[in-house]
Structure formats: C-alpha cells, structure tokens
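> One structure coming up, written as structure tokens, with questions to follow.
The values are calculated or read from the model by the stated rules, or taken from the named source; none is laboratory data. Keep in mind it's a predicted model, so treat the numbers as computed, not measured. Using ideal geometry, Cβ is built from the backbone for each residue, glycine included, and neighbour counts are taken over all protein chains shown. For the accessible areas, the whole protein counts, side chains as well, though only heavy atoms, and no ligand, DNA or RNA atoms are used. Shrake-Rupley method; radii C 1.70, N 1.55, O 1.52, S 1.80 Å.
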Amino acid sequence: MRRLRALYHSLRARAILTPKRLWVAPPQIYAIDSTIADEIRAGYFSFNGKSLRVRDGESLFLQAAPGPDWQRALLGFSWIRHLRVNDSALSQDFLNDFFNTRRFDRIGIANEPAVVACRLLAFLSQSPIILSGCDTKFYDAFMQALAREARFLWCMLNARQVYGSDRISCAIALLEFAACADTGAAIVQRAQQMLADELNRQITSDGAHISRNTQATLNLLLDLLPLRQVFAARGLPLGETISRAIDRMMPFLRMMQHGDGSVALFNGSGETALGQLASVLAYEDTRGVAPLNAPYAGYQRLEAHEALILIDAGAPPPIEFSAHAHAGCLSFEFSLGVERIVVNSGSPSAQQYNLRDLARETSAHSTLMLDDRSSARIDFAPNLIVGEKYLIDGPNIVTVERTKSDDHISIALTHDGYVREFGLIHSRALMLKKDAAFFSGRDRLILANNELIRRKSDFVIRFIFHPRITLTLSPHGVDILLANGQKLLFETIGAALEIKESVFLASPAGARRCQQILLKGAATEQTDVSWSFQLLEH
C-alpha cells in the first residue's frame, strides 16, 4: 500500500509540478558577506568549521568532502547568496557542474529532504542573479531542476517520509516554489495545508518552536518572511494559520533578546547572527513591548530599567524535538544594558562539535546541580534518528508563579528533575528591584511527597559569567567588574563560595575562557541558599 501511495504521489507530482517559468523571486533576507564571496571566487569553500580548496578545472561536487555537515552545507547552496550580479556566469558554472554530477547521485546527502528544501529555497531567492544573461538551454535546465526538487518534496511530504522540524522547512520550500512558478491553485492549496498543519503542531501559542530552541524560531522566520512577500507580490492569500504563526513568532524573538541584541543561550541556541535577527525583526508590523512570559514555550522574563533576567522555566520538549535541547531547567541569564553578565555556556560553533554534549549538561548552565548529575538524561533513543542524542527523563512538572509589588518584581519556580534519583525538588525564587540596583535569589531543596532523601549527595549552584566580566574575591563576597566599568557586589548566605575557571562555548571564534561562581554544600531537605547582585556606584 505504501509503495502504491508513493507511486501515485510521484505520478501526480510529475503531472502538476512542471512549470515553464518563474513569475517572482523571494526577497533575500539572509546576511551576505563579501569576504565569503572573495573566498569562493578564489576556490575556497568553508562550511561548518572545515575548508576545501578547489582548483581551476576541477569539479566542486566531485571533491572528497571534509565531512558530512560540510557536504550538507555545500549541497544546500545557501552559500551562493554571497555572489552578486557580476558573478552570474560563475553561479551558472556552479549549477551546470551540479546538474551534471547530480545524475550520478540518486541517494545520499544530496537527497536528504532538509538539504533539498534548503537548495530549492536558495535557487529561488537567488534566481535573478543565477538567471541573469543566461541562454534558453540553461534556463530550461534550471526550471527542470527546480521542478525535480519540488516533486521530490511533494512525494516525501505526502508519504510522511520527512520528520520533525524538517517538515516545516520542506513545506515552506514546496509552497514557495508553487507560488513563484505558478503551478496552479490546487498545488498551492495542498502545500499551504501541509505548512499550516505543521505550524499548528510545532509552533506554540507563545510563538516558539516546540524544540524550545530560539535559533530554530529565527531560522523558520528567515524562510517564512520571504514566503509571505512572495504571496503579497502575487496577490495571493497566505492563509490565516500561516500569517498568525508569523505574527506570534516575532514577539517571542524580542522576548528572548538581551540588551545587546543577542538571544539567551537556552536549548541549543548559540551566538546570534545579529544581522539576521535585525533583518527578521524589521518585518514586524507592530513592534510593542516585549512579552514578559511564554508559559507554553517555558520561558520567563524579568526587567527593570536596564536590568534583564531571562529564565528557562519549562520542561524538556517532546523527545522527537529534543535532539538539541539542554538540561538547563531553572537556569537564568542576567544582563545590564548591553553588558551580558550571567550566561549559560551556550551551544558551540560547528568547528567544536565535539563539545556539543558537554554544552547540554546541567553543569554548563547557571542553575543548581546535584551530585554532578544533570536534571535530564542525554542519550540515544529507540525509533528515532540514529546517532542523535535526545533529552530523556527530565523534569515532568515545572511550576511558575509571578508576583510584583510597588518596589520589586519576583518569580518563584520549581522543577522535579531530581525527584526520581534523589527525592528532592529544586525551588528557585528570583527578585528584581524596580530601580534595577538589586537582584537576588534563593535556592532551596524540598522533599518530594514527604519522602526521605533517597541517597546522600552534594549540591553546586553555578553562576557562569560572560568572558567580558572579571571576578575578584573580596571580604564581603565577589566584586564583579563589567567591561564598561560598572561594578556589582555578589553576596551569599548558606553555602561555601568559590571562583573557578569556566568556558563560554557560544563564541563564533570557538570556546573562550570565562569565570564562574560556585556555591557548594551538602544536599539536604534543609538546603537554603540566598544570594544577591548589588549595583555599586560607577
């Protein structure tokens, strides 16, 4: 039955996805780098931290790839956006090379649905440059290539051979092609429904992707916004579900931003490409105050004047979407204006992929940890993608209660990620004065269901500081010096205090040394640690 269904969809796709020309091209909103263009012209191709030199006369697509992620980036063709109009002949050479070698590659990375979707979107957005001055033969070959990619996505989506967030990317690519090439109302409506169904399933009411990875939300908007522009240019209705999803996602991105424009480092987010984020937010129709909470996404925001605290207040995402999720429940990030102070280590850059598992552990987050055990297990899972590790056995219940008074705002949170092994609930209360001069917290351990502690352990509460921050022990606690010259005093009661080296993993240039404050003690039902950050005179 599955084979018959696949054959039906293949024949139907071939019948309807055969347009002869493009009517419009999507706008290009991904960042463009002239330095990368210069490297490409010189024959250097650098993707995901690995480089390859291709000499004149050699085929780019017959080279031995430095790695599978490098090859995915190459075959996704998003790099071609860096070439400009005067590079049209070079772009056509690359595509002719790809078309010729593609005949021998019917399986493998080139035909992974996510790679095909990326390639189709890249070809569409760069079509004005790619097709500039081309002859009829190249134009026809280009259209045939677009149709072939669209037919493949149509078949894979209808046969449900695409999974997770890739279903959204593939549906966007198929719908964008259908609108740009005018395949007819039937295919546009079917592709719209596919996309609407996935957005309903994967975008929370708060506007976050279900993976809880803010970078995933940004990446989707980088593809959805050009799609919206295409539909506007063609005078076609985009559909209420898709439009409303976009409108929800914009405020969520602003909620997760620090004062320097970067997004908080939770659940797979790394250092933000600020140009891309600014490009996305420029499309927001009504820019209001950033939301203070996203209960369905599991994030909270406290702010007063220049002080900002962003908090991971959610349980792990569904296991299917947890391949990049972190065990950082109740961790927070703290900034003053453009200065990021307390951070999480963040997701490492591609060239340091070997540190990815370390970045996902609770020890890479500014929160409490018991006995060097993460609050969720990171491991392989049956019936899911081979080679990927997922978040397993994490917190089931996370509680959040916000309050405010005339002079402060506060939030109380708990999670049960340590109940199974230790019988203890982590309780964290945060309070920010409305004049932004004082930020305090209280971490406690509470017996779950009036049980006994299941085994002895120690706790450590981490505060990881941005590499621009300098820490110095003082008689009263820790003196904190910001890069702009501002000073804070950190004080604590109820635990032994240490300053140690740590590592900030989210830098694009690679891991950077930083410092961290550790608060340590024996984990009991009486564990009660208070701490505070006080802004001193500048």
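> Does at least one position in segment 95-102 carry a residue that is in a loop (DSSP other than H, G, I, E, B), open to solvent by less than 50 Å² (accessible area, probe 1.4 Å) and at pLDDT 95 or above?
Scanning segment 95-102 turns up no residue that is in a loop (DSSP other than H, G, I, E, B), open to solvent by less than 50 Å² (accessible area, probe 1.4 Å) and at pLDDT 95 or above.
> Now for a separate question. Give the number of residues within segment 276-297 that are open to solvent by less than 60 Å² (accessible area, probe 1.4 Å), touching a residue at least 60 places away in the same chain (Cβ under 8 Å) and within 29 Å of Leu535 (Cβ to Cβ).
2
> Considering only residues of segment 196-209 that are farther than 9 Å from Tyr296 by Cα and among the aliphatic types (A, V, I, L, M), which is surrounded by the fewest Cβ atoms within 10 Å (Cβ to Cβ)?
Ala196
> So which strands (runs of 3 or more DSSP E) stay within segment 433-495 end to end and still have 1 or more residues that are under 24 Å from Ile409 (Cβ atoms), open to solvent by 50 Å² or more (accessible area, probe 1.4 Å) and in contact (Cβ under 8 Å) with a residue 40 or more places away in the chain?
So the answer is 438-447, 487-493.
> Determine whether Gln71 is part of a helix (DSSP H, G or I) and open to solvent by less than 70 Å² (accessible area, probe 1.4 Å).
Judged against the criteria, Gln71 is a match.
> Specify the residue that is most open to solvent (accessible area, probe 1.4 Å); the eligible residues are those in segment 502-538 that are of a type in the set (Val, Ile, Thr) and over 21 Å from the mean Cα position of the chain (by Cα).
Quick first cut of segment 502-538, residues of a type in the set (Val, Ile, Thr) only: 503, 517, 524, 527, 529.
Still in the running and over 21 Å from the mean Cα position of the chain (by Cα): 517, 524, 527, 529.
On the way: Ile517: 0, Thr524: 45, Thr527: 12, Val529: 0 Å².
My answer is Thr524.
> Just the residues that are part of a helix (DSSP H, G or I), more than 21 Å from Leu175 (Cα to Cα) and open to solvent by 30 Å² or more (accessible area, probe 1.4 Å), please, taken from segment 128-138.
Thr136, Lys137
> Given (1) touching an Asp or Glu at 6+ places or on another chain (Cβ under 9 Å); (2) closer than 19 Å to Leu519 by Cα, where does Asp479 come up short, assuming only one miss?
Answer for Asp479: the failing condition is (1).
> Residues in segment 45-61 that are charged (D, E, K, R) and closer than 18 Å to Tyr353 by Cβ: how many?
1
> Right, here's the next one. Tell me, which residue of segment 245-275 that is charged (D, E, K, R) and within 12 Å of Leu221 (Cα to Cα) is surrounded by the most Cβ atoms within 10 Å (Cβ to Cβ)?
Among those that are charged (D, E, K, R) and within 12 Å of Leu221 (Cα to Cα), it is Arg248.
> Could we say that Ala233 is surrounded by fewer than 19 Cβ atoms within 10 Å (Cβ to Cβ), touching a residue at least 60 places away in the same chain (Cβ under 8 Å) and under 30 Å from Ser345 (Cβ atoms) here? Quick ask: steps written out before the conclusion?
Values: surrounded by fewer than 19 Cβ atoms within 10 Å (Cβ to Cβ): yes; touching a residue at least 60 places away in the same chain (Cβ under 8 Å): yes; under 30 Å from Ser345 (Cβ atoms): no.
No; evaluated as a whole, the condition is false for this residue.
> Can Ser125 be described as open to solvent by 20 Å² or more (accessible area, probe 1.4 Å), touching a residue at least 12 places away in the same chain (Cβ under 8 Å), in contact with a strand residue (DSSP E or B) (Cβ under 7 Å, 6 or more places away or on another chain) and within 27 Å of Pro237 (Cβ to Cβ)?
no
> Return the total of residues in segment 373-393 being of a type outside the set (Phe, Trp, Tyr), outside any strand (DSSP E or B) and either at pLDDT below 95 or open to solvent by less than 10 Å² (accessible area, probe 1.4 Å) (or both).
Residues flagged as of a type outside the set (Phe, Trp, Tyr), outside any strand (DSSP E or B) and either at pLDDT below 95 or open to solvent by less than 10 Å² (accessible area, probe 1.4 Å) (or both) within segment 373-393 amount to 12.
> Hey, among the residues in segment 359-372 that are outside any loop (DSSP other than H, G, I, E, B) and not aliphatic (A, V, I, L, M), which one's most open to solvent (accessible area, probe 1.4 Å)?
This residue is Ser363.
> Taking the residues in segment 394-421 that are in contact (Cβ under 8 Å) with a residue 60 or more places away in the chain and among the hydrophobic types (A, V, I, L, M, F, W, C) as candidates, determine which candidate is surrounded by the fewest Cβ atoms within 10 Å (Cβ to Cβ).
Ile397
> Would you please name the residue that is nearest to Ala117 (Cα to Cα), looking only at residues in segment 162-195 that are aliphatic (A, V, I, L, M) and open to solvent by 10 Å² or more (accessible area, probe 1.4 Å)?
Met194
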